[in-house]
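Have a look at the structure below before the remarks.
The values are calculated or read from the model by the stated rules, or taken from the named source; none is laboratory data. Computed from a predicted structure; not experimentally measured. Reconstructed Cβ throughout: ideal geometry from the backbone, glycine too, with neighbour counts over all protein chains shown.
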Amino acid sequence: MNHSKTHIIFLKLKAPRGFTLVELIIVIAIIAILAAAIFVAIDPARRLHEARNARRMTDIATLLDAMKSYQADNDGDLYAPVAALNPGNYYQIGTAVGSCDSDCAGQTTDQVCVDISGIGSNYLAQIPQDPKTGTPAMTRYALNPDTNGALTLLACDAEGEGAGGTDVAPLIQITR
């Protein structure tokens, strides 16, 4: 009888290996470099300055629209507190009774604030104020009436829109 030996061969399978520490460190470093590059490209400070300047432009347009609507509804007469102002001077809009800040975007403003809060809800639900520095007492928006009934509105505290919020601040002004 021929005896054959049965050989059982066990294949030694290697368990799948995970990532090595070096591979993990390299991947984390690459992700960190990409995140830093994206953060610099986005420049959140610049975006905040641009957003606040856009708000300022919208606010002065809203104020001007309200005053011009009032003027159109009242046979060309300006709102009484605005009509009482000296043409050619800049006046900060606000409810301050004492004195208003005298500097507005390089323009010297009169020490007296002009209160337009009584213009009515048909024209303005509330008086807009600078998103960063404005208060109801001093909105940091100024107006300048001229002798022909035209009004110029100006944002006092525009911010630079360069990298990191640097650069010269734009002049945010509308005349109608």
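Given the options Leu153, Leu143, name the one that is touching a helix residue (DSSP H, G or I) at 6+ places or on another chain (Cβ under 6 Å), under 13 Å from Lys68 (Cα atoms) and part of a strand (DSSP E or B).
Numbers: Leu143 fails: touching a helix residue (DSSP H, G or I) at 6+ places or on another chain (Cβ under 6 Å).
On inspection, the qualifying residue turns out to be Leu153.
Restricting to the range 15-68, and then to whatever is among the polar types (S, T, N, Q) and closer than 30 Å to Ser117 by Cα, can you tell me which residue is surrounded by the most Cβ atoms within 10 Å (Cβ to Cβ)? It would help to see each step written out before you state the result.
Applying the first criterion (among the polar types (S, T, N, Q)) to the range 15-68 yields 20, 53, 58, 62.
Okay, now just the ones that are also closer than 30 Å to Ser117 by Cα, so 53, 58, 62.
Numbers: Asn53: 20, Thr58: 12, Thr62: 16.
Among them, the one singled out is Asn53.
Show the residue pairs meeting these rules: Cβ distance below 6 Å; 6+ apart or different chains; first residue within the range 69-98 and closer than 15 Å to Gln111 by Cα and of a type in the set (S, T, N, Q); second residue at pLDDT 90 or above and in a loop (DSSP other than H, G, I, E, B).
Partner pairs satisfying both residue conditions: Gln92/Cys113; Gln92/Met138; Thr95/Asp115; Thr95/Pro136; Thr95/Ala137.
Residue-wise test of (1) under 24 Å from Asn74 (Cα atoms); (2) of a type in the set (Gly, Ala, Ser).
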{"site": "Val97", "(1), (2)": "no, no"}
{"site": "Ser102", "(1), (2)": "no, yes"}
{"site": "Leu124", "(1), (2)": "yes, no"}
{"site": "Asp130", "(1), (2)": "no, no"}
{"site": "Thr139", "(1), (2)": "no, no"}
{"site": "Asn148", "(1), (2)": "yes, no"}
{"site": "Gly160", "(1), (2)": "no, yes"}
{"site": "Ala163", "(1), (2)": "no, yes"}
{"site": "Val168", "(1), (2)": "no, no"}
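Considering (1) in contact with a Ser or Thr (Cβ under 6 Å, 6 or more places away or on another chain); (2) closer than 15 Å to Leu153 by Cα; (3) surrounded by fewer than 18 Cβ atoms within 10 Å (Cβ to Cβ), say which one Gly94 fails and leave the rest.
Checking Gly94 against (1) in contact with a Ser or Thr (Cβ under 6 Å, 6 or more places away or on another chain); (2) closer than 15 Å to Leu153 by Cα; (3) surrounded by fewer than 18 Cβ atoms within 10 Å (Cβ to Cβ), the one that fails is (3).
Among the residues of the range 100-123, is any outside any loop (DSSP other than H, G, I, E, B), at pLDDT 95 or above and of a type outside the set (A, V, I, L, M)?
no
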